[in-house]
Every structure is written in C-alpha cells, then in structure tokens.
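*Asks:* Attaching a single structure in structure tokens format; questions to follow.
Read-outs: derived from the displayed coordinates by stated rules, not from any lab. Because the structure is a prediction, the values reported are computed rather than measured. Don't worry about glycine lacking a Cβ; one is built from the backbone with ideal geometry, like all the others, and counts go over all protein chains shown.
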Amino acid sequence: MTQEATRQARLAAQISAKQTQISTGKRLQRASDDPTAAARIADLSRMQTNDNARARNISLGISMTAQADAQLRNMSHLLARTRELTISAASVGLTPSDRTTMSLEIRAMADEIDAMASLQSATGDALFANNAANPIRFDDTIAFAPVPARQAIFETGGIAITQIMRDAASAIAAGDLPLIGAALTALNGAVNHAADAQAEIGVNAARLDRLQEFSAQRGITLSEELSKLADTDLSAAIAELKAMTLTLEAAQGAFARINRRTLMDFLA
C-alpha cells in the first residue's frame, strides 16, 4: 500500500508537470528536466541572437546600396545632360546668352552632385564615407563595404567629377572650342566612371540579397530545431495527460476500495 501511494504521488507529480507544459507551452521548466536538450537550447538561442544582429546588418547594407544606386542613377542622368549640353555648345551658331544659360545649368547640376556626396544613410552616418569605405560584418567570415568611398565614386583620375563639369561650364561660357572639346573628353570618362561605380554597387546589392536569403533559411532551420526541443507538442501532451489522469483515477479508485475492506472481509 505504501508503494502504491508513492506511485500515485509520482503519477500526480507527472500530471502536474504535464499541465504546466501545456499551459506554458514550454517542454522544459528547468535545465534538470533534460540537461542535454537545455544545453542545445542555450546554444541555439545564442546562435539566433547572433543571426538577428547579422540580419540587421544585412538589411542596413541593402538599404545603403538601394539609396546609393538611386543617387548614382541620378548622377548618370545629370552627366548625360551635361555631355549633351557640351556637345551642343561646340556648334558655332550659339549666342553668348545661350552659352551663359548652358553654363548656369551645368553648374547647378554640379551642385546637385556635390549634395549627393554628402548624403547620410539610415544610421545617420555618411552614405559615401570619406577616404575609406566602412566595412560591415554580415557573417562570421564575410565583411565588406556595401557602398564605395566618396572619392571612388565622385572622383575619376584624382579629379572631382563636379570639377570636370564646372570646367565644361567655364569653357562653354567662354566659347572656347578647344577647351570645350577637352571638357567633352573628360565628361565621357566621367560618364563611364559613374556606370562602373553603379555596377559595383549593383554587385554588392545582389550579394546582400543572397546573404539575406541564406540568413532567412538558416533562421527557419534554427527556429524549427529550437521549437522541437523547447516547445510543448500540445497534441501529444494532451493525449499523455488524459492517459495519466485516467490511470491515476483508476488507481485511486482501486486504492479506495481496498482501504474500505475490513479484517472480516479478508478472513471471509
């Protein structure tokens, strides 16, 4: 009878633990419930924390490349317009007023590009870092700058693109055909340079998209494993609870009937 009472108490404790698992949704309430699983859960949680930080870096990198790509598209458009005006200025039929208007338009576009070079990213830092691009870590072994440094984009051959544009504006205003021809050559180089810079940013953006996809897949895998170890399987737990409850109720009923029997019942 003592052994039976102990068994019923143990079964009642198991029922209570199962009810806690169902109500909390967590299979383990203490590390001692399953030390091996608890250690693995701690490892997975740490990996998820690290992956979340990397995912934020990847999102930042994607945001930076998208912002930089939009600016370079605009810069390419402004350079193309500058080259168009420079080609038109090479004709001899323009009036001084026409040349002045062209010069002013080119200088205004150069001012726009100067403003681009000073833009900030979502973090409040410079989108185009000065002198050296700032690398960002996206994985344990992967770190690179999503956007090249300011000089790598807004300078070509050590000369600022906006300076090339202003030189073209000055040549047009002066009506100096040889200088206009030299400015056109420099502008062609600037247009090609802007296209190359935009292509580099596009490569970085594609790389970040792949990293984001891999990160998402890895996150799903970690979450699934963590859920199997830490979360309660409600269907199985409810079935087990019902089975244990029925077993305990039957044992308690039998135990109660046995206790009601008298010495005369046993003698009979």
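*Asks:* So which chymotrypsin sites (Phe, Trp or Tyr not before Pro) in segment 113-167 end up in coil per DSSP with only 11 or fewer other C-beta atoms within 10 Å?
*Replies:* The qualifying sites: there are none.
*Asks:* So what's the gap between the Cα centers of segment 149-206 and segment 81-133, to the nearest angstrom?
*Replies:* Result: 9 Å between the Cα centres.
*Asks:* Sticking with this one: Just add up the charged neighbours of G175: K/R +1, D/E -1, any other residue whose Cβ is under 14 Å from the Cβ of G175.
*Replies:* Residues close to G175 contribute a combined charge of -1.
*Asks:* Considering the dipole of segment 69-229 built from charges on the beta carbon (Lys and Arg +1, Asp and Glu -1) around the Cα centre, which of A171, A199, F154 is farthest to its positive end?
*Replies:* Looking along the dipole axis, the top candidate is A171.
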